[in-house]
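Comments concern the structure below.
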Amino acid sequence: MSANVKELPARRPGAATQQMVQRSHIELRIGGMECAHCPPAIEKAIAAIPGVISVSINPSTKMARIDYGSARTEVADILHAVRSFGYAVGTATMRVPIENMHCGSCLTHIELALQKVPGVVSAHAGLLPSAADIEYEPEKVDIPKIRKAIESSGYHVAEPKIEPGAEILDPAEAANDQEYRKLMRKFWFAAAISVPVMALSYPDLVTGLRDWMPMGSTTRRIVWGLLGVISLPVMVWAGSQFFTGMWDALKHRAANMHTLIAIGISAAFAYSVVTVAWPQFFPRMALAEVFWDVTDVVIALVVLGLALEIKAKGRTSQAIKKLIGLKAKTARVVRDGGERDIPVEEVLVDDVVVVRPGEKIAVDGEVTGGTSAVDESMITGESIPVEKQVGDEVIGGTLNKTGSFKFKATKVGKDTALATIIRMVKDAQGSKAPIQRVVDTVSAYFVPAVMILAILAFIAWYNFGPEPRLVYATIVFVTTLIIACPCALGLATPTSLTVGIGKGAENGILIRSGDALQASEKLNAIILDKTGTITKGEPALTDVVVTQGNAETEVLRLTASLERGSEHPLGEAIVKGAEARSLKLSETEEFAAIPGHGVSGRIDGREVLFGNAKLMRDRGIAIDTLQTDWERLAEEGKTPMYVGIDGKAVGLVAVADTVKPDSKAAIDALKALGIEVVMLTGDNERTGRAIARLVGVERVLAEVLPNDKAHEVQKLQLEGKAVGMVGDGVNDAPALAQADVGFAIGTGTDVAIEASDVTLIKGSLVGVVTAIEISRATMRNVRQNLWGAFGYNSLGIPVAMGVLYPFIGLLLSPLIAAAAMAFSSLTVITNANRLRLFQPRRIAS
């Protein structure tokens, strides 16, 4: 919560004098907004408070910006109004790493436990990384309460031991790294025990062993007893996470993946114990088999699968690691009259930083001396180095290429662009897409359903199966439990989302959430704001037309010399155009600005007039010969103006907001994706149509007032279309929020970026094409994963239950089931990692 108070003059209608009123501004983080109707409801409640001047809520950041008269309203009144509607104010967030989360039901249990804690506003658990993002009220909730809630759900807060000097990205990654190493130790132990156990578990298949330990002999019983003794540590230590996970879930009357594995291996182990300890219980010695090998090998394979799963999940977040790797470690700053190398964390705002060729730029800043070319591809995705000179902004983490320069630090620490990007990508990767919530619901019923099927299979085989029925029933029961894989279902969506959002970041596209990623896939209409989106947003010299007998360069030189004394943006564009042509400008005498008409002055002894047709007619200058060219330029959406010298019309100089080099190619690419492109502009119909023709847009919404932009988006939505809106200005923010997906040009205002779902750092429309392509590729990958996971379980479980045995005599081994289960999750993650090979289409400008 932050508040800034300042004195501003306010004019009251009808008042003869200005009266000073105290106007205050406050920004509040509001928790508990979970639906699209929440922000308008809260805005309405706050606006109803006497003294509140304006209020706006950004649903993405959950920040409310409120202007109010502090003489009539207090902050407490605003807080009370928000809380009376059932929302929390002034909340904080934290990310807590959690051990042993492997499936959707794990996430559900943890979220439910956290949401019961008084003061927790929202809690979202995720598998990538294995952590929970918690929004809470600091005055009501502390870390011990969070820890207690997580442990009550059957899980534990990961507390990794970070070695001094280790390059650890965050606690969640450190916890994953330690869990991986722990699981691999368990795997090697279980695998080593499995070798002799498997070799001695089937003596009837080996000639020498069959004679040494015949069926029913004391020798066989002793050997199998010893195998049970060495298998016990495998159960107790290597398989301990399955039993603790099952017990924790059982305490909450729930079941998870651990439940299936624990029951399966326990059944095999218990059968073996009875075989060795009480063989007389079996009516025939043929039934007295041991399944120590099932216990050991299943534990080894499943533990190996979990370890490889953690490793593979780590690769899905390579984009974050790359971004963090961009951070400079040191900076060379000017202090006490000399240059000093200091850690980048010690750089302060307004420090002057020196950058040499080949060095990384430490923090964000503004160039104060020198020039250079800077490679910003790691942030914007633009491969061509950007020239930097005095006054230009530089971004921390980018690479200086050729020259040396100094810059003044403007943003340091968590405020830098790179830190903001990392935070946004992390938050987005931890979010859920709508399809994930459906999968989580299915997963919650999956494990109980598998347990019921396993019991039914056991009963069926025990009653109707071939002899030895008990052995067959036990094998089927264990196999059915082990082959079921809820993990593959739980990982199918978040792994793809993590890679897809990371891929966007690599290409200079910040996707804020899984919702935005899924919604982008379905867009079939895109509204482009003309100024600053299709065009550069600043006027530039485009045409110089001269009458017979006059030189183009001379007309332009005199016009630019005259406009050098003007502060009008069009005049600045003409001066820049002349300078770009290396024209030497002259001094202007008797400069005069004629409001609404143009300017005049004396240059090199010649009377120069520059302005509209009325100015020329007022001065008695004939412009008929230029009328055709004026109409042509105006038809092209440009602003032509007459030039008169010594009482004669000598030409036209035109300026226009020029189209970005790659806008047309990007619009063509959007059309090729099957998306209708609509241009929206506040300009008149003729200017709008002229620009639309240049870039190939057929549908133009012209003369749209800023307040009506959101309404135009809504009208298109009422046509049944999923609408994306691309904009860059403050007045685009309501339209960006109204659209199904709002794309903000990164070079635009902070307000527009905050209101958007996707931010294009590069400031090019090509980013919209890439974002939609990434969205489609990601959601296609999600569906592949889900089909694979559902398909695996739909086929594997019936086969494990033995439905093929009556037809082809096939009965699945528990060992094969364990291997299939372990590698089904790996298949899902590997397929998600395929997205890392995605390459955006190359669009030539």
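The values are calculated or read from the model by the stated rules, or taken from the named source; none is laboratory data. Note that this is a predicted model, so its numbers are computed, not measured. Here the Cβ positions follow ideal geometry from the backbone for every residue, glycine too, while neighbour counts run over all protein chains shown. Ligands, DNA and RNA are excluded from the accessible area calculation, which covers all protein heavy atoms including side chains. Shrake-Rupley method; radii C 1.70, N 1.55, O 1.52, S 1.80 Å.
Give me the pairs, please: first residue somewhere in region 503-516 and at negative phi, second residue anywhere and assigned to a loop (DSSP other than H, G, I, E, B) and open to solvent by less than 20 Å² (accessible area, probe 1.4 Å), beta-carbon distance under 6 Å, and either six or more positions apart or on two chains.
So the pair list comes out as Asn507/Pro840; Gly514/Ala433.
Report yes if some residue within region 828-835 is open to solvent by 90 Å² or more (accessible area, probe 1.4 Å), in a helix (DSSP H, G or I), of a type outside the set (Phe, Trp, Tyr) and over 21 Å from Thr295 (Cβ atoms); otherwise report no.
yes
Residues in region 209-229: is at least one surrounded by fewer than 21 Cβ atoms within 10 Å (Cβ to Cβ), among the small types (Gly, Ala, Ser), modelled with pLDDT of 80 or more and touching a Phe, Trp or Tyr at 6+ places or on another chain (Cβ under 9 Å)?
Looking for residues that are surrounded by fewer than 21 Cβ atoms within 10 Å (Cβ to Cβ), among the small types (Gly, Ala, Ser), modelled with pLDDT of 80 or more and touching a Phe, Trp or Tyr at 6+ places or on another chain (Cβ under 9 Å), one finds at least one in region 209-229, hence yes.
Could you check how many residues of region 671-685 are part of a helix (DSSP H, G or I) and closer than 22 Å to Asn731 by Cβ?
So the answer is 1.
Within the group Pro661, Pro640, which residue is in contact with a Phe, Trp or Tyr (Cβ under 9 Å, 6 or more places away or on another chain) and either assigned to a helix (DSSP H, G or I) or open to solvent by 10 Å² or more (accessible area, probe 1.4 Å) (or both)?
Being in contact with a Phe, Trp or Tyr (Cβ under 9 Å, 6 or more places away or on another chain) and either assigned to a helix (DSSP H, G or I) or open to solvent by 10 Å² or more (accessible area, probe 1.4 Å) (or both) holds for just one of Pro661, Pro640, which is Pro640.
Taking region 759-814, which residues are over 15 Å from the mean Cα position of the chain (by Cα), open to solvent by 40 Å² or more (accessible area, probe 1.4 Å) and under 30 Å from Gly537 (Cβ atoms)?
Matches in region 759-814: Lys762 only.
Could you please tell me which pairs satisfy a Cβ distance under 7 Å, a separation of 6+ or placement on different chains, a first residue in region 590-617 that is among the hydroxyl-bearing types (Ser, Thr, Tyr), and a second residue that is in a strand (DSSP E or B)?
Going by the 7 Å Cβ cut-off, the qualifying pairs are Ser600/Ala592; Ser600/Ile594; Ser600/Val608; Ser600/Leu609.
What number of residues within region 244-281 satisfy the criterion of being more than 35 Å from the chain's Cα centre (by Cα), surrounded by 15 or more Cβ atoms within 10 Å (Cβ to Cβ) and under 16 Å from Asn100 (Cα atoms)?
2
Say we look at region 813-827 and pick out the residues that are among the polar types (S, T, N, Q) and part of a helix (DSSP H, G or I); which of these is nearest to Gly791 (Cα to Cα)?
Ser824
Test of understanding: among Leu528, Leu517, Leu491, Leu541, which residue is open to solvent by less than 10 Å² (accessible area, probe 1.4 Å) and not in a helix (DSSP H, G or I)?
Residue meeting the stated conditions: Leu528.
What are the pairs, 6+ residues apart or on separate chains, where a residue within region 361-381 that is over 17 Å from Ile761 (Cα atoms) has its Cβ under 6 Å from a residue that is open to solvent by less than 40 Å² (accessible area, probe 1.4 Å) and assigned to a helix (DSSP H, G or I)?
Ala362/Val344
Of all residues in region 310-332, which are of a type outside the set (A, V, I, L, M) and either surrounded by fewer than 19 Cβ atoms within 10 Å (Cβ to Cβ) or at pLDDT 75 or above (or both)?
The answer is Lys311, Gly314, Arg315, Gln318, Lys321, Lys322, Gly325, Lys327, Lys329, Thr330, Arg332.
So, Ala81, is that one over 30 Å from Ser825 (Cα atoms) and either among the acidic types (Asp, Glu) or at pLDDT 75 or above (or both) or not?
yes
Do we have any residue at all in region 107-120 that's modelled with pLDDT of 80 or more, not aliphatic (A, V, I, L, M) and not in a helix (DSSP H, G or I)?
Yes, region 107-120 has at least one match.
Of everything in region 387-399, what is of a type outside the set (Ser, Thr, Tyr) and either more than 29 Å from Arg512 (Cα to Cα) or surrounded by 22 or more Cβ atoms within 10 Å (Cβ to Cβ) (or both)? Give them in sequence order.
Within region 387-399, Glu387, Lys388, Gln389, Val390, Gly391, Val394, Ile395, Gly396, Gly397 qualify.
So for region 237-256 (the condition being part of a helix (DSSP H, G or I), at pLDDT 85 or above and of a type in the set (D, E, K, R)), does at least one residue qualify?
no
Please go through region 614-629 and pick out each residue that is part of a helix (DSSP H, G or I) and either touching a His at 6+ places or on another chain (Cβ under 8 Å) or within 15 Å of His597 (Cα to Cα) (or both).
Answer for region 614-629, where residues must be part of a helix (DSSP H, G or I) and either touching a His at 6+ places or on another chain (Cβ under 8 Å) or within 15 Å of His597 (Cα to Cα) (or both): Lys614, Leu615, Met616, Arg617, Asp618.
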